[in-house]
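This report refers to the structure that appears directly beneath it.
The values are calculated or read from the model by the stated rules, or taken from the named source; none is laboratory data. These numbers come from a predicted model, not from an experiment. Cβ coordinates were reconstructed from backbone atoms using ideal geometry, including for glycine residues, and neighbour counts include every protein chain displayed. What goes into the accessible areas is simple: the full protein's heavy atoms, side chains included, and nothing from ligands, DNA or RNA. Shrake-Rupley method; radii C 1.70, N 1.55, O 1.52, S 1.80 Å.
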Amino acid sequence: MTLRRLARNASAILLGCGLVLQTANLFAETMSEKLARKTQGGPAAEGQKDKMLVEANEIVYDRNNNTVAAVGNAHLFYQGKVVEADKVVYNRETKRVIAIGNARMTEASGNVVTGERIELTDDFKDAYINSLRMTTPDKTRISSPRVEREGGETTVFENALYTACEPCKDDPAKPPFWQVRAARIIHKNTERRIYYENATLEFAGIPVAWVPYFSAPDSTVKRESGFLAPRFVMSTALGYGVQTPYFINLAPNYDITLRPTFLTKQGVLGDIEWRHRLETGSYAIRAAGIYQLNPSSFAPAPFGAGNKDWRGSVETYGKFLINEQWRWGWDIALMSDKWFFRNYKIPSPSITQYGTTNFLESTSTLYLNGQGDRSYFNAQSYYFRVLSYADWQQRQPIVPDVIDYDRTFDGGGVVKGDWRVNFNTATVVRQQTDFRSLVDANGNPGTYYFPIASAATNASTALYSTCAPGQYNPQNCIVRGLAGTYARASMGVDWKRTIIDPIGMSWTPFGFVRGDVGLPQLSYNGPFNQYLPNFIDTTGQTLTRGMAGAGMTWRYPFIGRLGGTTHVIEPVAQIVARPNETGIRQFPNEDAISLMYDDSNLFSVDKFTGYDRIEGGTRANVGLNYSMQFDNGAMINALAGQSYQVAGMNSFSQFSLSRTGLESGLDTPRADYVGRLQFTPTSGLTFLARGRFDVTSYAPKALEVQSAYAFSNYIAAQIAWARYTAQPLLGTFQTRNGFVTGLTVRPDPKWYATASLSFDLARFQRDNGFPQASTSNPDPWPSIPGFAIGAGYKDDCTTVGLTYSNTSGSSQGISNGRVQTVMLRLELRTLGGATISQSSSSASTSN
């Protein structure tokens, strides 16, 4: 006989009516007795430790079967868990709670379990679930026809499927991109770990791999000790190898990662990394090393490390906050030889490759910097380690300190305007003077390389560039860095103020003053340093230099409308008056060697890029700026201009130690013309061209053209072409001409393909195409520094990519030949990933 206490289809919120069930005797009393107790002012539920709230359309009591049922949109709330079903039945004799029909249980952890039938003990610790589907907070999913949980500790999923992929919206029954099918999946709640037995990895429902047993942390684990994704390596010199990283979680804020790599040809490469996060920052230390079983697999010296048994590296970085404005840190890399990182495929953030050139270096630095509202301070130390076979380490600078301070402030009264104070100091130490020849051994224009002992040929090999014998003089030799120690300090004060007159003209008067002090202490030790007196005063006297100047910049923009376009024509003129530059042959030039005269620095007061040179003489700069803005968003911008040496000595025509300024286009009274044209026809598409043209013949001296296109997320393309004429006075005897391009296509948001290419057109023209590969020249494509193609797939649960690259040996810092690399990367969310890389070369010196 059943007793219906509440009308059908009425919402019964029993907590509000006084139904509070205690943990010790859940459902032990009838719901009517609980209701009566609360209604008659029984013990308040608020004091109870564990409470249950029941909601349903009706409550049904079956005294014959000793059951109580919540029927119709039933909800049970208990200890952070929620059980929902069409019907929930509690059997007072078996102390079981059974959820029937569209059953759903949300656990305190956020896991959501669904099934046709969920059977629980009255304390919710044990459970029996049919046709389970479970979703975790991190969007992983498990399904199983039969699940059993014991003691709230161990949950066993029979014949289960696990995946981190979202189900297909159009066809939920379709297999996900990947899933793990296991005979049993066991979740240990205390261990917070999931074990898989007799597991098969499937892609799109197709089995691809089987393992008898493996385990992984559950979604509540953020850091745990264990093996990470392996990495596979294959190369001529290393053989076959596998890296098996192991992560050791020592504490929430520090850990250790071991990365041993087992190589068939060279033995075991040890690799260990320590990471530590502190209250104000973090740091890490990584060390790697190996005793090579077959050193001769690598190129012999000076092209490789074939003469070394022990090789290794130490890297460390750190970054710490002192307060909101100040921070300090370091990034240091030390290695046994320049080839170690590349030979053993160790990625290092310290390595920089400059474009498509063959120059690679590792930069170590220690820094302190501070940032204010209108001020900036930075102090850094640098150590440069060259990684290319043809670069001589002894002529690389060591920079113990570079200090910069800059502050701007507003003036008042008669000195109203923007004031700026800047200070810079630098110290450079070098073992060997960096000489570069302008003539070969026969005295003809060209480059000279001095011979060194070579284990590869048992003879002398011309490798490092320097000046030809008997040619160590300023006419035939350039000095790009001095041996010894050079220290310099500079301080300057600038002022400017912009005034707009009644007719719209802009007038910007400015003034500046700067002083420099230098102390060169030259070294004569080394194979070529004895020639320094031919180039510079070597008495070691303190050098001083001062410069002051004033000028005016004038602009007058004209704005007009024509049809659907807005036009702006703006003539610009600038005059800078100052005395001649002094100390040109006395002050070493370390930071102002690079100079590119173009539209970007046409109106720069000082066109030198550093402090070791300072422009002198009176100079005028003029230009015309034009822009057209279309109402539909398209835009055209153009600039054309020229610079003139009005009076005084032209700093760019002087023969300094490094010859900076010669053949720059500024070394004549009337400088070359410079211009820029930019066109943006639509959003995502841009064309940019800039150039420098001879002042008399208008022939192009430097041209740069680049374009970029992006359409939503479907396609992105870039191409850049540049051509620079020869500069024999600076040691560049051939025209440089080439382009780089890149393309990324996404036919679907999840799929992508990439391609990139760099091409040396000048080399291609000199070689009359692609030369025939031979023993002496194993590179059949010397005019292609590198190209790469790749494709991949990425969604919410999977990342897979395949890349093929082909680069010249010189771009990898080796002597010749081609280096081909194939890399496959696979990552499955929550399970980990793996990387497989194989490299091969057509040259013996590349391994």
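Determine the relative contact order of segment 37-193: mean sequence separation of Cα pairs under 8 Å and six or more apart, normalised by residue count, in whole percent.
Relative contact order here is 11 percent.
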Between W554 and A441, the two model label points (7 Å from Cα along the beta-carbon direction) sit apart by a distance in nm of 6.1 nm
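For segment 372-436, what ratio Rg/Rh do Cα atoms give with a Kirkwood hydrodynamic radius? If you can, show how the numbers build up before the last one.
On the way: Rg = 18.8 Å, Rh = 14.9 Å.
Value, to two decimals: 1.26.
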Specify whether the C-alpha gyration tensor of the chain places it in the rounded, prolate or oblate class, a ≥ b ≥ c being the square roots of the eigenvalues: rounded for a/c under 1.5, otherwise prolate if a/b is larger than b/c and oblate if not.
prolate
Could you order M596, M234 by accessible surface area, starting with the largest, using a probe radius of 1.4 Å?
M596, M234
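Take every Cα-Cα pair in segment 701-790 and report what % of them are more than 16 Å apart.
Numbers: 2628 of 4005 pairs.
Across segment 701-790, Cα pairs with separations above 16 Å total 66 percent.
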Can you tell me how much longer the chain between E324 and R184 gets when fully stretched, taken as 0.36 nm per residue apart minus their C-alpha distance, in nm with one decimal?
45.1 nm
Length added when fully stretched, S600-A216, from 0.36 nm per residue minus Cα-Cα:
132.7 nm
Checking the a/c ratio against 1.5 first, then a/b against b/c, what shape does the Cα gyration tensor give for segment 401-536?
prolate
Whole-number percent relative contact order across segment 247-387, with pairs defined as alpha carbons under 8 Å at least 6 apart:
14 percent
Rounded to one decimal in nm, the spacing of the 7 Å Cα→Cβ label points at Q530 and E279 is 6.1 nm
Karplus ³J(HN,Hα) for segment 316-324 (6.51 cos²θ - 1.76 cosθ + 1.60, θ = phi - 60°; Hz, whole; x = Gly/Pro) runs 8, 9, x, 8, 9, 9, 8, 7, 5
Neighbours of F535 by Cβ distance under 14 Å: Lys/Arg at +1, Asp/Glu at -1, summed charge +2
Which value in Å is the Kirkwood Rh of segment 552-667 over different Cα pairs?
16.0 Å
Rounded to the nearest whole number, the per residue volume of the convex hull around the C-alpha atoms of segment 286-440 in Å³ is 182 Å³
Counting only other residues whose beta carbon sits under 9 Å from that of R184, what net charge do I get with K and R as +1, D and E as -1?
-2
In debye, nearest 20, what is the charge dipole magnitude of the chain about its Cα centre with +1 on Lys and Arg Cβ and -1 on Asp and Glu Cβ, if you could check?
340 debye
Looking only at lysines whose Cα falls under 27 Å of K338's and that sit 8 or more positions away or on another chain, we get K265, K308, K319
Provide the gained length on full extension for the span D410 to L519, in nm with one decimal, where the gain is 0.36 nm per separating residue minus the Cα-Cα distance.
35.8 nm
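Could you pull out the longest piece of the chain with no exposed loop chymotrypsin sites (Phe, Trp or Tyr not before Pro) in it, calling a site exposed if DSSP puts it outside H, G, I, E, B and it has at most 11 other Cβ atoms within 10 Å? Each step should come with its number before you reach the end.
Values: sites that count: Y354, Y698.
Here the longest segment lacking exposed loop sites spans 1-353.
Quick one: compute the contact order of the chain, relative version, from alpha carbon pairs under 8 angstrom and 6+ residues apart, as a percent. Walk me through the numbers before you get to the answer.
Working: 2227 pairs, mean separation 48.3, N = 847.
Reported relative contact order: 6 percent.
From the Cα gyration tensor of segment 568-630, with a ≥ b ≥ c the square roots of its eigenvalues, which class applies: rounded if a/c is under 1.5, or else prolate if a/b is larger than b/c, or else oblate?
oblate
When each pair of different Cα atoms in segment 120-214 is counted once in the 1/r mean, what is the Kirkwood radius in angstroms, to one decimal? Each step should come with its number before you reach the end.
Values: mean 1/r = 0.0718 Å⁻¹.
One over the average 1/r among Cα pairs gives 13.9 Å for segment 120-214.
Calculate what fraction, in whole %, of the accessible area of segment 153-242 sits on carbon and sulfur atoms when a 1.4 Å probe is rolled over the protein chains.
Details: 2880 of 4880 Å².
For segment 153-242, the apolar C and S fraction of the accessible surface comes to 59 percent.
Take the Cα gyration tensor of segment 662-745, multiply each eigenvalue by 5, square-root it, and list the three semi-axes largest first, rounded to whole angstrom.
On the way: eigenvalues 204, 49, 10 Å².
For segment 662-745, the ellipsoid semi-axes come out as 32, 16, 7 Å.
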Starting from the Cα of K81, draw a straight line to each of the lysines and keep only those under 20 Å, dropping any in the same chain fewer than 8 residues away.
K49, K51, K95, K125, K139, K188
What number, rounded to the nearest 500 deg cm²/dmol, is the helix-based mean residue ellipticity at 222 nm of the chain, given -39500 (n - 2.57) per DSSP H run of at least four residues and division by all its residues?
-500 deg cm²/dmol
Under the 7 Å Cα-to-Cβ spin-label approximation, M505 and S109 lie apart by a distance in nanometres of 7.8 nm
Would you mind pulling out the separation of the Cα centroids of segment 197-276 and segment 546-589, in Å?
60 Å
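Between F733 and M649, what is the FRET efficiency for a Förster distance of 30 Å, r being their Cβ-Cβ separation, to the nearest 0.05?
0.60
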